[in-house]
Amino acid sequence: MMHWYGGYGPGWAGMLFMTLATLAVVGTVVAFAVVALRRPTRGDDAVRTLELRLARGEIDEEEFDRLRRALGAR
């Protein structure tokens, strides 16, 4: 039977490289997931704009509630 590397396997350097490569892939996936989960949705942006307009006095509470319901937000 034929063995790679003369039968000794990849050694400690190969194991280290495989571990670091695995950590890099997992870290990248986790980073993308965190960014995707923290990004506000379009409805959140609209409600935030309404909240700012209410705080500045541009609209009253009745108008705020009406517009928020129209957006389908909670």
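The values are calculated or read from the model by the stated rules, or taken from the named source; none is laboratory data. All of these numbers come straight from a predicted model, not from anything done at the bench. Reconstructed Cβ throughout: ideal geometry from the backbone, glycine too, with neighbour counts over all protein chains shown. Accessible surface is based on the protein model in full, side chains and every heavy atom, while ligands, DNA and RNA are left aside. Shrake-Rupley method; radii C 1.70, N 1.55, O 1.52, S 1.80 Å.
What the table below lists for this structure:
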quantity	calculated
Amide H partners (placed H, <5 Å) of Ile59, local residues excluded	Leu54
Stretch gain in nm, segment Val29-Arg53, where the contour uses 0.36 nm per residue and the Cα spacing is subtracted	4.9 nm
Solvent-accessible area, 1.4 Å probe, carbon plus sulfur percent, for the stretch 15-74	61 percent
Solvent-accessible ranking of Leu23, Leu52, largest area first, probe 1.4 Å	Leu23, Leu52
Charge tally in the Cβ shell below 15 Å around Arg56, where Lys, Arg are +1 and Asp, Glu are -1, Arg56 excluded	-3
Residue-wise HN-Hα coupling along the stretch 21-29, computed from phi with Karplus coefficients 6.51, -1.76, 1.60 (Hz; x: Gly, Pro)	5, 5, 4, 5, 5, 4, x, 5, 4
Hz values of 3J(HN,Hα) by residue in the stretch 56-63 - Karplus curve (6.51, -1.76, 1.60), Gly and Pro given as x	7, x, 6, 10, 9, 4, 4, 5
Label-point separation in nm, Ala36 to Leu16, each point 7 Å along Cα→Cβ	3.4 nm
